[in-house]
Structure formats: C-alpha cells, structure tokens
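K.L.:
The structure that follows is given in the form of structure tokens.
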Protein chains: 2
Amino acid sequence: MRNLLKDKKLSETPFRKEVLAIFTKYNNAIPLSIVEKDLKEYNRITLYRTIKVFVEKGIIHEISLSGEESNYAICQEECDIGSHQHQHIHFKCNMCGTISCVKINKFPTIQLPEYKIDQLEIQVTGLCKKCNA
Amino acid sequence: MRNLLKDKKLSETPFRKEVLAIFTKYNNAIPLSIVEKDLKEYNRITLYRTIKVFVEKGIIHEISLSGEESNYAICQEECDIGSHQHQHIHFKCNMCGTISCVKINKFPTIQLPEYKIDQLEIQVTGLCKKCNA
DNA sequence: TAATTATTTGCAACACCGTTGCATTAATTA
DNA sequence: TAATTAATGCAACGGTGTTGCAAATAATTA
Ligand SMILES: [Mn+2]
Ligand SMILES: [Mn+2]
Ligand SMILES: [Zn+2]
Ligand SMILES: [Zn+2]
C-alpha cells in the first residue's frame with residue numbers, strides 16, 4: 001500500500017495519518033461528523049485544515065448533495081492538485097443513507113451544442129446493492 | 001403567467017411575491033447573496049423560511065456544487081412537494097461563473113446492475129454559450 | 001546525531017450561517 | 001367585518017469555518 005502523504009509531499013504527522021486511515025477504512029464516502037466520531041480526540045481547527053489540504057492535494061474529494069452535509073471519499077483515480085478526475089458516479093441510497101463512489105463501465109457523454117464541456121459529474125439516488133437485494 | 005404561490009397553496013404575502021419575482025427575473029440559478037442584494041430591505045430569518053418553503057413546495061430547487069454556496073433556480077418541470085423532477089442538467093461556466101439549468105434532448109440513462117435507480121442528477125462544468133462564442 | 005529550518009498544531013477570537021420560541025402583525029376564511 | 005389561520009420580526013442560540021499568532025513538531029542540513 002502506497003504512502004499517500006509522502007506521494008503528495010505532505011508532512012507525515014500522526015494526526016494526518018490517523019485521518020487518512022479513517023478514510024481508507026471506509027468503502028464509502030463519509031461526512032466530517034463520522035471522522036470526528038472515529039477520532040478519539042482532536043482539534044477541530046486542525047481537522048478542517050487537514051481536510052482542506054487533502055482535497056487540494058487530490059487525496060480525497062468532496063461530494064455535495066442537496067440538503068446533505070458534505071461527504072468526502074478517497075480519490076480512486078489519479079487525481080491531482082486542483083483537478084479531480086471522476087469516471088465514477090456518486091450514489092446515495094435512500095434506504096440506508098450510504099453515499100458511495102460507484103464505477104460504471106459506460107460513463108455517459110452528453111450533447112450540448114454551443115457549449116464546451118469540461119467535467120461531468122453524476123449523482124444518483126435509489127437503492128444500493130445491499131438494500132435492493 | 002400563472003400564480004405560483006396560489007398554485008402551491010401558499011399565502012400571497014408581499015415578501016414572497018418579491019422573492020419569487022427575483023427568481024423569475026433571472027434566467028439562471030442564483031445564490032442567496034444575489035437575492036439579498038436585489039431585495040431593498042429584508043429580514044434574513046424570513047428569507048431563510050421563504051427559501052425553505054419554496055423548495056419544499058417545488059417552486060425552486062437547490063443546486064449544490066462542491067466548493068460553491070448553494071444556488072437556487074425556479075423549477076421548470078412539474079415539481080411537486082418533496083419530489084423534484086429534473087430532466088435537465090446543471091451547468092457551471094468556468095469563465096463567467098454562471099450556474100444554469102440546461103435542457104438536453106437525450107437525457108442519459110446509466111446501467112447499474114443490482115442497484116435500483118430513482119433519480120439522476122447531472123452537473124457539468126465548462127464554457128457556456130456566451131463564453132464559448 | 002545535533003542544530004537549523006520549515007511546517008503543523010492549538011489557542012483565542014471572530015464572522016457567518018441557519019434555526020427556534022414567542023409575541024406581533026398580516027392574510028385568509030366565514 | 002369578525003374570527004381564524006398563517007407569516008413575520010425579534011431575541012437568542014448553536015454550529016460552521018476562518019485567521020493571526022505562538023508553541024510544538026517534522027524535515028532538512030551540517
Ligand atoms: Mn467520488
Ligand atoms: Mn435545475
Ligand atoms: Zn442502502
Ligand atoms: Zn459563461
């Protein structure tokens with residue numbers, strides 16, 4: 001398993017390792033409130049700064065859904081500083097509430113004459129694998 | 001032009017009419033800060049409550065983009081209490097910053113075996129008509 | 001390894017966001 | 001027009017996220 005902090009040229013502090021471990025542990029996106037619960041004790045200012053630098057460096061990405069607190073998930077593809085590349089969708093289960101990044105084989109393209117399309121982000125709600133079984 | 005407030009069974013107060021007129025005036029989505037600027041004077045608590053009830057009743061819908069303050073736009077299709085039906089995408093122009101609801105002819109469907117898909121929301125960034133011309 | 005330098009952390013303080021209880025005022029209904 | 005129902009404005013509060021600065025820690029260099 002690669003060392004994300006070193007890769008992204010970030011100092012390896014105990015706190016950053018701990019926060020990174022939490023994101024790695026989950027297979028889905030989590031809000032800050034979960035991170036906070038999983039940390040034994042923490043300084044909220046440092047946590048905000050940590051999240052910010054993780055997003056900036058392309059370690060995690062933010063998922064904004066209407067009426068939801070922001071969720072964050074480890075970047076799966078090769079994200080870089082400032083540019084996050086998503087070839088996956090963001091799925092919110094209406095039953096269990098889980099928000100996750102789901103890879104799909106045919107990522108759709110859309111036709112928008114006169115516009116120039118840069119990035120496409122897709123958010124889907126419904127029933128996840130588990131809850132649909 | 002239909003009376004949205006009456007249609008949605010909301011009391012027609014001067015303030016609600018004024019806020020609704022602002023949303024109607026714009027052809028794109030706007031954040032609360034714009035609404036506030038356009039109102040001569042207002043009470044921010046009442047504004048929050050107005051926005052909330054407009055969203056609940058399906059008069060406007062919220063557009064959440066990562067790193068942006070929430071934007072709101074008049075519902076174009078037949079949205080109802082609790083369920084917003086979007087057959088359009090949300091486009092953010094990287095040049096002028098405008099966020100708008102854009103209708104497309106072929107709204108994509110995606111294949112997600114084992115999942116049950118309810119709603120699909122698509123957010124696109126790039127250059128808008130104007131800025132791409 | 002020890003000393004130096006660069007970076008991160010924690011504290012204090014603050015501004016902004018959004019909500020709630022409650023009394024007052026306005027809109028709807030009869 | 002009177003009675004009823006709903007919206008508004010005030011006060012007060014908790015949550016969110018940021019900044020300046022000093023102390024602590026990590027990385028770098030000698
Ligand atoms: Mn994702
Ligand atoms: Mn829209
Ligand atoms: Zn589920
Ligand atoms: Zn533009």
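Where a number appears in this text, it was derived from the coordinates with a stated rule and is not lab data. Everything numeric here is computed off the predicted structure, so don't read it as measured data. Cβ sites come from the backbone with ideal geometry, for glycine too, and all protein chains shown count toward neighbours.
K.L.:
Find me the longest stretch of chain A that has none of the exposed GluC sites (Glu not before Pro), where exposed means in a DSSP loop (not H, G, I, E or B) with at most 15 other Cβ atoms within 10 Å.
P.N.:
The answer is A:79-113.
K.L.:
I'd like the mean, over residues of B:55-67, of how many other protein chain beta carbons sit within 10 Å of each residue's own Cβ.
P.N.:
2
K.L.:
Still on this structure, I have one more. So how compact is the protein assembly as shown: Cα radius of gyration and Dmax in angstrom?
P.N.:
For the protein assembly as shown, the Cα-based Rg and Dmax read 20.2, 61 Å.
K.L.:
Now a separate question. Can you list, shortest first in nanometers, how far A:Ile45 lies from the same residue in the other copies, with each label 7 Å from Cα toward Cβ?
P.N.:
Those label-point separations list as 3.1 nm.
K.L.:
Could I ask something else about it? In square nanometres, what is one fourth of the surface area of the convex hull spanned by the alpha carbons of the stretch B:1-73?
P.N.:
For the stretch B:1-73, the mean projected area of the Cα convex hull comes to 5.0 nm².
K.L.:
Please go through the residue pairs A:Lys106/B:Lys129; B:Lys40/B:Lys92; A:Lys40/B:Lys57; A:Lys52/A:Lys92; B:Lys17/B:Lys103; A:Lys17/B:Lys116 and name each one whose alpha carbons sit more than 31 Å apart in this structure.
P.N.:
Numbers: A:Lys106/B:Lys129 27 Å; B:Lys40/B:Lys92 28 Å; A:Lys40/B:Lys57 42 Å; A:Lys52/A:Lys92 23 Å; B:Lys17/B:Lys103 26 Å; A:Lys17/B:Lys116 36 Å.
Among A:Lys106/B:Lys129; B:Lys40/B:Lys92; A:Lys40/B:Lys57; A:Lys52/A:Lys92; B:Lys17/B:Lys103; A:Lys17/B:Lys116, the Cα-Cα distance tops 31 Å for A:Lys40/B:Lys57; A:Lys17/B:Lys116.
K.L.:
Regarding chain A, what are the three Cα extents along the principal axes, ordered largest first, in Å?
P.N.:
Sorted largest first, the three principal extents are 48, 36, 29 Å.
K.L.:
Exactly which trypsin sites (Lys or Arg not before Pro) in the stretch B:1-51 are in a DSSP loop and have at most 10 other Cβ atoms within 10 Å?
P.N.:
Here the sparse-neighbourhood loop sites are B:Arg2, B:Lys9, B:Lys40.
K.L.:
Still on this structure, I have one more. Relative to the other copies, what are the label-point distances for A:Pro113, with labels 7 Å from Cα along the C-beta vector, expressed in nm at one decimal and sorted shortest first?
P.N.:
Spacings between copies for this position, smallest first, are 3.7 nm.
K.L.:
While we're here: Given the DSSP H assignment, sum -39500 (n - 2.57) over each helix run of at least 4 residues in chain B and divide by its residue total; what's the result at 222 nm in deg cm²/dmol, nearest 500?
P.N.:
-8000 deg cm²/dmol
K.L.:
Under the convention of a label 7 Å out along Cα→Cβ, give the distances in nm from B:Asp7 to the same position in every other copy, shortest first.
P.N.:
Here B:Asp7 shows inter-copy label distances of 5.0 nm.
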